[in-house]
Amino acid sequence: MSLQKTRVTLRTLDRMKKEGTKIAMVTAYDYPSAKLADAGGADLLLVGDSLGMVVLGYESTVPVTLSDMLHHTQAVVRGADRPLVVTDLPFLTAHLSRDEVLKAAGRIIQEGGAGAIKVEGCEEVLAGIRACVGAGIPVMGHIGLTPQAVHQLGYRVQGKDLASAQKLVEEAERLTDAGVFALVLECVPEEVAAQIQQRLPIPVIGIGAGRHCDGQVLVYHDLLQYASEIRPSFVKTYAKIGDEVEQGIRQYVQEVRQGTFPGTDHIYSLPSAVKERLFSKEGEER
Ligand SMILES: Nc1nc(=O)c2c([nH]1)NC[C@@H]1CN(c3ccc(C(=O)N[C@@H](CCC(=O)O)C(=O)O)cc3)CN21
Ligand SMILES: CC(C)C(=O)C(=O)O
Ligand SMILES: [Mg+2]
């Protein structure tokens with residue numbers, strides 16, 4: 001089923017949860033990353049606000065704007081045929097008035113071309129989530145470690161004591177009641193994620209949430225080891241493209257300096273008839 005070429009929809013994900021088919025999600029931030037992730041078979045592409053860190057060089061996701069998200073979403077959508085594209089609402093967007101949330105989410109769907117949005121948090125954003133769902137905008141929830149709250153939480157595992165584990169289960173259920181079509185659980189003990197996965201009728205996508213989730217998500221630059229400066233311990237490395245890129249650039253620079261690039265394979269030449277006449281008297285006369 002994951003090999004089908006038709007677009008992944010909410011119904012596809014629903015079916016995958018029921019069948020126990022694991023869902024593979026990866027972030028993408030531009031046309032080439034979307035094209036390659038699609039070719040690699042990813043079901044869901046997340047235009048994560050992590051782009052602020054891995055693509056734009058900020059220290060956190062907090063500075064990322066709606067216009068950043070729109071710009072990158074448009075590029076990802078152009079490169080993604082099969083996967084459903086989900087875009088993060090940036091910092092402080094889901095907390096605004098109902099109208100403001102709808103406007104921002106509407107732009108991501110209408111101008112960006114995404115198929116869904118993702119919102120961090122629960123209580124404070126529940127009204128905005130309900131408004132979006134009511135307007136026909138699919139919403140993915142995100143609880144546990146919510147990076148937009150880095151200034152309060154840090155990047156710490158969440159739900160390690162009884163009270164906070166119970167709170168996560170409650171939040172998962174409240175979000176489901178509010179109509180989210182799937183839920184990202186970030187950095188929580190495996191046992192808590194398993195409990196939530198069992199209780200919810202919707203797919204639970206884990207990142208640092210253990211083996212029992214309905215699907216997994218990782219940041220593109222982490223799993224491919226591509227110039228990412230942070231290394232959470234839940235990351236597994238599947239390639240080292242950063243090293244490949246650096247090595248390629250190093251060799252190019254060296255060949256330019258040595259004059260071995262460009263070689264005869266990489267130049268344009270005049271046809272010999274033109275060449276003969278170009279520097280002759282006749283050629284200069286006109
Ligand atoms: N490259 C990248 N990958 C990500 O997964 C990611 C981003 N950037 N930027 C936005 C957020 C930030 N995230 C993070 C960042 C750090 C940890 C981290 O280092 N966690 C500690 C947990 C320590 C503990 O509480 O025990 C770890 O050691 O994994 C986790 C998630 C996830 N997101
Ligand atoms: C880490 C994932 C879940 C995310 O929200 C992002 O990449 O922004
Ligand atoms: Mg995010």
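The values are calculated or read from the model by the stated rules, or taken from the named source; none is laboratory data. Just so you know, these numbers come straight off a predicted model, no measurement behind them. Here Cβ is always computed from backbone atoms with ideal geometry, including for glycine, and neighbour counts include all displayed protein chains.
Quick check on region 130-152. Is at least one of its residues without any contact (Cβ under 8 Å) to a residue 60 or more places away in the chain, closer than 28 Å to residue 59 by Cβ and surrounded by fewer than 18 Cβ atoms within 10 Å (Cβ to Cβ)? Scanning region 130-152, I find at least one residue that is without any contact (Cβ under 8 Å) to a residue 60 or more places away in the chain, closer than 28 Å to residue 59 by Cβ and surrounded by fewer than 18 Cβ atoms within 10 Å (Cβ to Cβ), so the answer is yes. What do you reckon, is residue 9 surrounded by fewer than 23 Cβ atoms within 10 Å (Cβ to Cβ), closer than 19 Å to residue 216 by Cα and modelled with pLDDT of 95 or more? So residue 9 fits the description; yes. Screening 182, 209 for residues that are small (Gly, Ala, Ser), under 20 Å from residue 128 (Cβ atoms) and modelled with pLDDT of 95 or more leaves exactly one candidate, 182.
Okay, residues lined up against (1) closer than 18 Å to residue 77 by Cα; (2) more than 16 Å from ligand 1 (Cβ to nearest atom):
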residue: 101; (1), (2): no, yes
residue: 109; (1), (2): yes, yes
residue: 124; (1), (2): no, yes
residue: 135; (1), (2): no, yes
residue: 145; (1), (2): no, no
residue: 151; (1), (2): no, no
residue: 156; (1), (2): no, no
residue: 160; (1), (2): no, no
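A count restricted to region 44-62 and to residues that are within 13 Å of ligand 3 (Cβ to nearest atom), in a loop (DSSP other than H, G, I, E, B) and of a type in the set (Gly, Ala, Ser) stands at 3.
Let's see how each residue does on (1) closer than 14 Å to residue 203 by Cα; (2) without any contact (Cβ under 8 Å) to a residue 40 or more places away in the chain:
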site	(1), (2)
7	no, no
13	yes, no
16	yes, no
19	yes, yes
24	yes, no
28	no, no
47	no, no
60	no, no
63	no, yes
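Is it the case, given these coordinates, that residue 200 is surrounded by 19 or more Cβ atoms within 10 Å (Cβ to Cβ) and closer than 24 Å to residue 85 by Cα? For residue 200, the condition - surrounded by 19 or more Cβ atoms within 10 Å (Cβ to Cβ) and closer than 24 Å to residue 85 by Cα - is met.
Would you check if there is a residue in region 57-77 being among the small types (Gly, Ala, Ser) and crowded, with 24+ Cβ neighbours inside 10 Å?
Of the residues in region 57-77, the ones among the small types (Gly, Ala, Ser) are 57, 60, 67, 75.
This time we only want the ones that are crowded, with 24+ Cβ neighbours inside 10 Å, so: none.
No, there is no match, as no residue in region 57-77 is among the small types (Gly, Ala, Ser) and crowded, with 24+ Cβ neighbours inside 10 Å.
Across region 78-103, which residue is surrounded by the most Cβ atoms within 10 Å (Cβ to Cβ) among those that are among the aliphatic types (A, V, I, L, M) and touching a Leu at 6+ places or on another chain (Cβ under 6 Å)?
The initial filter retains those residues of region 78-103 that are among the aliphatic types (A, V, I, L, M), namely 80, 84-86, 89, 92, 94, 96, 101-102.
Those still in the list that are touching a Leu at 6+ places or on another chain (Cβ under 6 Å) too: 80, 84-86.
Working: 80: 26, 84: 24, 85: 24, 86: 28.
The residue in question is 86.
Candidates are the residues of region 35-45 that are without any contact (Cβ under 8 Å) to a residue 60 or more places away in the chain and surrounded by 15 or more Cβ atoms within 10 Å (Cβ to Cβ); the one that is nearest to ligand 2 (Cβ to nearest atom) is 45.
Let's see how each residue does on (1) out of contact with any strand residue (DSSP E or B) (no Cβ under 7 Å at 6 or more places or on another chain); (2) closer than 30 Å to residue 54 by Cα:
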| site | (1), (2) |
| --- | --- |
| 216 | no, yes |
| 228 | yes, yes |
| 244 | yes, yes |
| 277 | yes, no |
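Check 56, 45 and return the single one that is assigned by TED's automatic domain parsing to the domain that holds residue 182, within 16 Å of ligand 1 (Cβ to nearest atom) and closer than 18 Å to residue 182 by Cβ.
Details: 56 fails: closer than 18 Å to residue 182 by Cβ.
Every option except 45 fails the conditions.
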